[in-house]
Amino acid sequence: NLLLAKNLETREGCLEILCTISDRKTSLKVRIAHQKRCIERLIGLVATGSLTPSEEKISKLAALTLANLNLAPSNRCLIVPYEQE
């Protein structure tokens, strides 16, 4: 839910943590990806673009987190439906 926080600093901090732990073991990647609406929220953050430097950083962190999650083979089936977006 913090990925949707109105406060950009909160959203950015949450993504920094999520991005860092998504770069760890495969089991963590799988657990993160299977959280309710996690993938679609990350994709939404990438898709919203960036008007300010903070929004740009959030978009980049979300994209990097998705890339990390995609490294786990079992997560690919969760991400594939959103690839066109």
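The values are calculated or read from the model by the stated rules, or taken from the named source; none is laboratory data. Keep in mind that this is a model prediction, so the values were computed, not measured. Every residue, glycine among them, receives a Cβ derived from its backbone with ideal geometry; neighbour counts consider all protein chains shown. Heavy atoms of the whole protein, side chains included, go into the accessibility calculation; ligands, DNA and RNA do not. Shrake-Rupley method; radii C 1.70, N 1.55, O 1.52, S 1.80 Å.
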Exercise for the section: For the chain, find the longest principal axis of its Cα atoms and tell me its angle to the long axis of helix 38-47, 0 to 90°, nearest 10. Expected result: 50 degrees
Completion exercise
In debye to the nearest 20, the charge dipole size for the chain, taken about the Cα centre with +1 at each Lys and Arg Cβ and -1 at each Asp and Glu Cβ, equals 380 debye
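Using a Förster distance of 30 angstrom, determine the FRET efficiency expected from the C-beta separation of E40 and I17, and round it to 0.05.
E between E40 and I17, to the nearest 0.05, is 0.95.
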Handout entry: Along the chain, longest interval not containing exposed trypsin sites (Lys or Arg not before Pro), exposed being DSSP loop plus at most 11 other Cβ atoms within 10 Å
Key = 38-85
Handout entry: the range 61-76-the range 4-29 distance, computed between alpha-carbon centres (Å)
Key = 12 Å
Handout entry: Positive dipole terminus of the chain, leading residue within Q84, C38, T10 (C-beta point charges)
Key = C38
Problem - Backbone HN-Hα couplings from phi across the range 57-65 [Karplus 6.51/-1.76/1.60, Hz, Gly and Pro as x] - result: 5, 4, 4, 5, 5, 5, 5, 5, 4
Problem - Check: the range 33-74 dipole with +1 on Lys, Arg Cβ and -1 on Asp, Glu Cβ, in debye - result: 140 debye
Completion exercise
Taking only the alpha-carbon positions of the chain as identical scatterers, the Debye log10 I(q)/I(0) at q = 0.11, 0.15 Å⁻¹ comes out as -0.25, -0.48
Completion exercise
Excluding ligands, DNA and RNA, the carbon-plus-sulfur percentage of the accessible area of the chain with a 1.4 Å probe reads 55 percent
